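Everything below concerns the one structure shown next.
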Amino acid sequence: MRTGRRRTTLIATTAAATATLVTAGLLTSVSAQAAAGCQVAYSVASQWPGGFTGNVTVTNLGDPVSGWTLRWSYGAGQQTSQAWGATVAQSGSQVSATNVDYNGNLATNGTASFGFNASWNNSSNPAPTSFTLNNVACTGSTTPTTPPTSTPPPSNPPPSSTPPPGQQPSNLVGWATQNGGTTGGGNAGTTTVSNASGLTSALNATGAAVIRVTGTITCSGMLRVRSNKTIIGNYGATIVGCGLNINGDRNVIIRNLTFRNWDDDAINVQESATNIWIDHNTFSNGYDGAVDIKRGSDFVTVSWNRVFSHDKTMLLGHSDDNAGQDVGHLRVSYHHNYFDGSNQRNPRVRFGNPVHVYNNYYRANGGYGVASTENAGVLVEGNYFENVDDPYHRGEGDSGPGGLVARNNHFVNSPTGQAGGSVASIPYSYQLDTASTVKSIVTAGAGAGKITV
């Protein structure tokens with residue numbers, strides 16, 4: 001979105017042991033909506049000396065519920081800590097898990113999933129035997145489970161939510177594979193659009209959809225993109241004058257589009273939007289960011305894009321004053337992008353840790369390549385820098401420094417840049433191309449029109 005013109009610049013996959021409770025009693029919500037039952041699946045996905053990862057899925061079998069809190073008690077001294085997909089607190093043996101903004105509404109047969117890390121006594125880790133939802137007991141039978149064999153602790157939370165309909169694309173890599181994965185519209189029906197009104201309606205519709213863009217669409221402002229959408233450009237598809245705004249929604253894929261002359265941002269990801277994949281697009285001559293990600297958004301992959309004839313490219317975290325919303329989020333992978341003379345913010349990072357910048361080609365960037373600020377953690381790995389006076393550094397403008405670890409990069413007529421501090425470990429698997437080959441790989445494959453979709 002518009003900012004000032006000044007330069008501001010592991011998953012260890014293990015077999016889950018599952019305890020399922022099918023309810024036969026009443027369920028009521030905090031907003032006094034009645035429901036007739038629920039089902040809870042509790043699993044210990046991995047376990048190591050002193051700790052374990054738990055996953056929970058609750059299914060509403062009754063009337064729709066707006067806002068929920070799931071409670072259970074531990075019998076062997078387990079203590080919850082870090083959580084994702086819910087706000088989890090513990091008092092004594094009782095645990096309370098409350099919905100976050102994107103999963104608070106449970107329709108009939110709707111589900112919500114979340115996960116957490118916890119400690120245990122290395123002797124016994126039994127599953128809870130009962131749950132309540134909004135203070136009403138979920139009654140029924142319980143099948144106690146045996147946790148899996150101990151494994152090393154994960155450095156970051158594993159996926160904890162079930163992906164929406166459809167299979168995650170096999171060529172998706174990076175942070176968008178986490179938190180349950182990213183499927184976009186999945187196997188939903190396809191809508192083809194060729195004008196601004198059709199595009200606006202399709203993007204803003206509820207429900208999963210695959211949206212194909214054909215021809216050149218001229219528009220203005222920012223068009224709202226709702227959850228569970230795949231937006232694909234047919235060959236030559238171009239959006240002129242406007243941008244796409246993913247505002248608090250999740251599970252969106254944007255591929256094979258050309259954006260130019262946008263009057264705000266080309267793609268704006270904000271307000272805790274999650275699981276976004278931005279792939280094989282071309283950006284040029286816009287006003288503000290090509291791809292800006294901010295305000296608590298998370299689990300994003302930005303891959304195989306080309307940016308040229310443009311100043312402010314990719315901002316991650318919009319303000320030094322937004323730590324309360326951003327810390328623990330803003331985890332993004334940038335890989336195989338072609339920063340073709342784009343001036344700055346390739347990317348500029350606040351707070352996110354770890355942010356993974358790997359196998360990108362940087363050519364003649366006049367301002368700088370990568371900036372890590374405000375205690376962010378950025379891994380700059382296997383990139384190719386050519387004729388770049390400032391490949392990467394810590395701190396930018398009035399923003400304090402972040403951690404930046406640089407390794408296995410290739411430099412042509414470019415210095416090595418400024419590194420220092422630490423970065424959290426990367427939780428997903430990926431294949432790193434040899435840095436000296438990245439120029440040829442990326443110039444051949446990055447941007448719109450380089451894939452068949």
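Amide hydrogen proximity for residue 242: with H placed 1.01 Å from N in the peptide plane, the residues at 5 or more positions away or on another chain lying under 5 Å are 219, 263. Reported to the nearest whole Å, the Cα centre-to-centre distance from region 187-216 to region 333-374 is 31. Judged by the ratio a/c of the largest to the smallest principal axis of the C-alpha gyration tensor, region 181-249 counts as oblate, that ratio being 1.5 or greater while a/b is no larger than b/c.
Distant-in-sequence amide contacts of residue 328, defined by a placed amide H-H separation under 5 Å and a gap of 5 or more residues or a different chain, comprise 353. Per-residue Karplus couplings for region 361-376, computed as 6.51 cos²θ - 1.76 cosθ + 1.60 with θ equal to phi - 60°, are listed in order as 10, 10, 10, 6, 7, x, x, 6, x, 10, 10, 10, 9, 6, 6, 5 Hz, Gly and Pro entered as x. Evaluated at q = 0.12, 0.14, 0.26 Å⁻¹, a Debye calculation over the C-alpha positions of region 230-295 (equal weights, vacuum) places log10 I(q)/I(0) at -0.26, -0.36, -1.15.
Report note on the peptides 271-281, 197-207: ranked by the mean count of other C-beta atoms within 10 Å, highest first, their order is 271-281, 197-207. Peptides 411-423, 66-78 ordered by packing proxy, namely the average of other Cβ atoms within 10 Å per residue, highest first: 66-78, 411-423. The lysines whose alpha-carbon is closer than 25 Å to the alpha-carbon of residue 312, local same-chain residues fewer than 8 away aside, are 294, 439, 450. Residues whose amide H lies under 5 Å from that of residue 110, counting only those 5 or more places away or on a different chain, are 60; hydrogens are built 1.01 Å from N in the peptide plane. Phi angles across region 410-419 convert, under the Karplus curve 6.51 cos²θ - 1.76 cosθ + 1.60 with θ = phi - 60°, into 3J(HN,Hα) values of 10, 10, 10, 6, 9, x, 8, x, 10, 10 Hz, Gly and Pro given as x. The phi torsions of region 432-448, fed into the Karplus equation with coefficients 6.51, -1.76 and 1.60 and a -60° offset, translate into couplings of 9, 6, 4, 4, 5, 9, 5, 4, 5, 5, 6, 5, 7, x, 7, x, 5 Hz, rounded to whole numbers, with Gly and Pro shown as x. Radius of gyration (Cα atoms) of region 369-453, expressed as a multiple of 2.2 N^0.38 Å: 1.22. Below 10 angstrom from the Cβ of residue 178, what's the summed charge of the other residues (Lys, Arg +1; Asp, Glu -1)? Its environment carries a net charge of 0.
Quick note: the coordinates plus some simple rules give every number you see, no bench work behind them. Values in this document were obtained by computation on a predicted structure and should not be read as measured data. Here Cβ is always computed from backbone atoms with ideal geometry, including for glycine, and neighbour counts include all displayed protein chains.
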